[in-house]
Structures are given as structure tokens and as C-alpha cells.
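Visitor: Handing you a structure now.
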Amino acid sequence: MFNAKAQAQNWPERPIRLIVPMPVGFVLDITWRKIASELTIALGQAVIIENRPGATGRIGVAEGARAAPDGYTFVVADVAQMVALPLTGAKLQYDAERVSPAS
């Protein structure tokens with residue numbers, strides 16, 4: 001008889017990376033720093049803000065799209081990076097529809 005037990009992994013087991021594609025001090029940054037502080041308490045793991053400004057947020061979103069899909073890296077993107085830039089025909093290093101690196 002085969003007896004296997006499913007074991008759920010505890011998450012998070014290590015710090016969480018939150019990429020903010022804006023400079024320190026912008027509204028998006030300030031807001032997510034407050035949220036990260038509360039998440040750190042609630043999850044029992046550090047939520048680390050990593051600012052990656054530049055190119056209207058494209059640099060930070062592209063870095064997040066290239067990150068390993070392990071559930072430990074998140075990107076805070078807004079309408080500019082996910083809707084407006086793709087509509088302008090701007091060359092992006094990420095696929096806004098799939099949020100993955102551009103092919």
C-alpha cells in the first residue's frame with residue numbers, strides 16, 4: 001500500500017523582495033514602505049524594498065520580470081508601466097500581458 005502525505009511548504013521561509021520602480025521618496029515608494037513594514041510583522045519575515053527607478057519604471061519592472069518565479073520577488077507597477085507604455089509602442093524588456101521577460 002502506498003502511503004504518501006502531502007506536505008505544504010511554509011511561506012515565507014526567507015526575506016521577500018519588493019521592487020518599486022520609482023525613486024526613494026515618491027508616493028509609490030512611501031506607500032509601499034508602510035505596507036512592507038506591516039507585512040514584515042504579519043509574515044514574520046523581512047519585506048525588503050528595492051528601488052529601481054529609471055526609464056519611466058521600465059528598469060524595475062524588467063528586473064522583476066527576470067526574477068526567478070519562486071514567490072519571493074514582487075514588483076509594484078502602475079498603469080504607466082503596464083498599460084500606457086505598451087500602448088505607445090515603446091520597446092520594453094518585459095511582456096506587460098504576461099509579466100515576463102520579452103521574447
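Visitor: Fully extended, how many nm does the chain gain between ALA80 and GLU38 (0.36 nm per residue separation, minus their Cα-Cα distance)?
Guide: Gain on extension, ALA80 to GLU38, equals 12.5 nm.
Visitor: Helix-only mean residue ellipticity at 222 nm, the chain, DSSP H runs n ≥ 4 weighted -39,500 (n - 2.57), per residue, nearest 500. What is it?
Guide: Computed ellipticity for the chain at 222 nm equals -8500 deg cm²/dmol.
Visitor: Give me the distance in nm between label points sitting 7 Å out from Cα along the Cα-to-Cβ direction at THR88 and VAL27, one decimal.
Guide: Spacing of the two 7 Å Cα→Cβ label points: 1.9 nm.
Visitor: May I ask you to list the residues of the stretch 28-49 whose amide nitrogen lies under 19 Å from a point 7 Å from Cα along the Cα→beta-carbon direction of ALA68?
Guide: 45-49, by backbone N distance to the label point.
Visitor: Output needed for the chain: three equivalent-ellipsoid semi-axes, defined as square roots of 5 times the C-alpha gyration tensor eigenvalues, in descending order, whole Å.
Guide: Over the Cα atoms of the chain, the ellipsoid semi-axes are 29, 20, 9 Å.
Visitor: Please identify, among GLU50, GLU38, GLU63, the residue showing maximal mean-square fluctuation in a Gaussian network model of the chain using a 10 angstrom Cα cutoff.
Guide: Most flexible of the set in this elastic network: GLU38.
Visitor: Give, rounded to the nearest 20 debye, the magnitude of the charge dipole that the chain has about its Cα centre when Lys and Arg contribute +1 at Cβ and Asp and Glu contribute -1 at Cβ.
Guide: I would put it at about 100 debye.
Coordinate-derived values only; no laboratory data. This structure is a prediction, so every number in the text was calculated from the model and none was measured. Neighbour counts are summed over all protein chains in view; Cβ atoms, including those assigned to glycine, are modelled from backbone coordinates with ideal geometry.
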